[in-house]
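The values are calculated or read from the model by the stated rules, or taken from the named source; none is laboratory data. Since the structure is predicted, the reported quantities are computational estimates derived from the model, not experimental observations. Here the Cβ positions follow ideal geometry from the backbone for every residue, glycine too, while neighbour counts run over all protein chains shown. Each accessible area value is taken on the protein alone, full model and side chains, heavy atoms only, with ligands, DNA and RNA left out. Shrake-Rupley method; radii C 1.70, N 1.55, O 1.52, S 1.80 Å.
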Amino acid sequence: MLSKNKIKFIRSLEQKKYRKEEQAFLAEGNKLVGDLLGHFECRLLVATEAWQTAHPGVTAEETVVVSKDELARASLLKAPQEVLAVFRQPAYSCDPSVAATELCLALDDVQDPGNLGTIVRIADWFGIRHIFCSIGTADLYNPKTVQATMGAMARVRLHYVALPELLQALPEGTPVYGTFLDGSDLYAQPLSAAGVVVMGNEGNGISAGVARLVNRRLLIPNYPVGAPTSESLNVAVATAVVCAEFRRGLRH
């Protein structure tokens with residue numbers, strides 16, 4: 001049986017204050033929880049008997065078997081499935097020098113949890129293992145972000161840092177790319193296999209302090225060039241376009 005205190009604890013993780021205090025995060029759903037088990041320490045597993053039977057050998061610090069009605073009382077989802085889990089937030093070391101040997105992303109105050117989760121999925125798809133996030137970027141452990149990653153957060157590491165200082169600490173000669181309306185055509189530029197690609201805030205783009213540290217300015221051109229069009233692309237969509245072009249270059 002799931003106690004009122006445990007339900008209160010689970011639901012408290014919707015708020016950043018309590019996630020930070022507990023150093024924990026909530027994941028819900030059969031596929032998502034299954035993807036994260038084994039990658040993060042599971043503090044509490046709440047599941048139906050049917051889910052437990054279908055997943056023998058799963059271990060957690062505490063497991064509670066519940067009915068679907070009990071699970072629904074603890075869930076933050078409109079349509080709960082058969083399992084939810086509370087995981088411990090991992091502690092990752094942040095080494096800027098990784099950008100000298102592989103492609104990394106940097107997010108400058110990306111605000112929307114859904115955008116952040118989608119960007120993590122994009123990074124995972126294109127083999128990007130590290131994302132440097134400004135302090136003002138949305139919290140990876142927000143339940144909405146966790147759900148939006150669809151399990152990709154198990155393979156992509158996010159580092160919350162003072163972004164200008166991080167970029168200044170990169171090894172000398174490391175390419176720092178950024179997308180700007182006055183940049184050079186993405187499809188006509190030589191793109192490296194390593195470096196940092198900075199993506200900016202949904203409304204304001206890349207901040208002035210970070211923009212000064214970008215040494216390769218890129219533009220995603222619209223089609224046909226010069227035609228009336230939308231003001232900008234969604235930041236997650238733009239990230240996908242840029243990452244796809246970087247990886248396309250490695251295939252030739």
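With +1 on each Lys and Arg Cβ and -1 on each Asp and Glu Cβ, how big is the dipole of the range 1-153 about its Cα centre, in debye rounded to the nearest 20?
In debye, rounded to 20, the range 1-153 gives about 480.
If you take every DSSP beta bridge fully contained in the chain, what fraction is antiparallel? Give it as a percent rounded to 5.
The answer is about 30 percent antiparallel.
After finding the eigenvalues of the alpha carbon gyration tensor for the range 136-232, what semi-axes result from the square roots of 5 times each, listed largest first in whole Å?
The answer is 25, 20, 14 Å, longest axis first.
Cys133's amide H: which non-local residues (gap 5+, or another chain) put their own amide H closer than 5 Å, with H modeled 1.01 Å from N in plane and none for Pro or chain starts?
Here the answer is Leu107, His159, Tyr160, Val161, since their amide H atoms fall under 5 Å of that of Cys133.
With +1 on each Lys and Arg Cβ and -1 on each Asp and Glu Cβ, and nothing else charged, work out how big the dipole of the range 109-244 is about its Cα centre, in Debye to the nearest 20.
Computed charge dipole of the range 109-244: roughly 340 debye.
Where does each of 124-130, 136-142 land if you order them by average Cβ count within 10 Å, highest first?
With the highest mean Cβ count within 10 Å placed first, the list reads 136-142, 124-130.
Under 5 Å between amide hydrogens, which residues at least 5 positions from Met150 or on another chain qualify, with H placed 1.01 Å from N in the peptide plane?
The answer is none.
Tabulate in residue order the Karplus-calculated ³J(HN,Hα) for the range 44-61, using 6.51 cos²θ - 1.76 cosθ + 1.60 with θ = phi - 60°, rounded to whole Hz; enter x for Gly and Pro.
Per-residue couplings from phi come out as 8, 10, 10, 8, 6, 4, 5, 5, 4, 4, 7, 10, x, x, 6, 10, 8, 4 Hz.
Residues of the range 179-252: accessible area per residue at 1.4 Å, in Å²?
Value returned for the range 179-252: 59 Å² of accessible area per residue.
Gain in length, Asn234 to Ala169, computed as 0.36 nm per residue apart minus the alpha-carbon separation, to one decimal in nm?
20.5 nm
Roll a 1.4 Å probe over the protein chains and send me the accessible area per residue for the range 7-66 in Å².
54
Sorting Leu71, Leu219 by accessible area (1.4 Å probe), largest first, what list results?
Leu219, Leu71
Note down the nm distance, to one decimal, between modelled labels 7 Å out along Cα→Cβ at Ala208 and at Glu61.
With each label point 7 Å from Cα toward Cβ, the separation is 4.6 nm.
What spacing in nm lies between the two simple spin-label points modelled at Ala72 and Ala54, each 7 Å away from Cα in the Cβ direction?
So the label points at Ala72 and Ala54 sit 1.8 nm apart.
Compute a Gaussian network model of the chain, connecting alpha carbons closer than 10 Å, and tell me which residue from Ser207, Ser93, Ser134 fluctuates the most.
Top of the fluctuation ranking is Ser93.
Using helices alone, what [θ] at 222 nm do you get for the chain, with -39,500 (n - 2.57) per DSSP H run of 4 or more residues, divided over all residues and rounded to the nearest 500?
Result for the chain: -8500 deg cm²/dmol, rounded to the nearest 500.
Note the listed values (i) 30; (ii) 21; (iii) 16, then indicate which one is percent of Cα pairs over 32 Å apart calculated from this particular structure.
(i)
Could you derive backbone 3J(HN,Hα) for the range 77-85 from the dihedral phi with the Karplus parameters 6.51, -1.76 and 1.60 (θ = phi - 60°), listing whole Hz in sequence and x where the residue is Gly or Pro?
Those phi angles translate into 8, 6, 10, x, 9, 10, 7, 9, 9 Hz.
How do Ser232, Ser75 stack up against each other in accessible area, from largest to smallest, with a 1.4 angstrom probe?
Solvent-accessible surface, decreasing: Ser232, Ser75.
I'd like the carbon and sulfur percentage of the solvent accessible area for the chain, probe radius 1.4 Å, heavy atoms only, ligands and nucleic acids excluded.
Taking all protein chains in place, the chain shows 51 percent carbon and sulfur surface.
Give the calculated FRET efficiency between Lys16 and Val225 to the nearest 0.05, with a Förster radius of 45 Å applied to their Cβ-Cβ distance.
So the FRET efficiency works out to roughly 0.60.
Take the residue pairs Lys20/Lys144; Lys17/Lys78; Lys6/Lys31; Lys17/Lys68; Lys8/Lys31 and return only those whose Cα atoms are more than 21 Å apart.
In this structure, Lys17/Lys78; Lys6/Lys31; Lys17/Lys68; Lys8/Lys31 exceed 21 Å between Cα atoms.
Please name which of Asn215, Thr229, Thr179 has its Cα lying farthest along the dipole of the range 172-237 towards the positive end, using unit charges on Cβ (Lys, Arg +1; Asp, Glu -1) and the Cα centre as origin.
Of the listed residues, the answer is Asn215.
Post the alpha-carbon centroid distance, the range 145-188 to the range 190-252, in whole angstrom.
11
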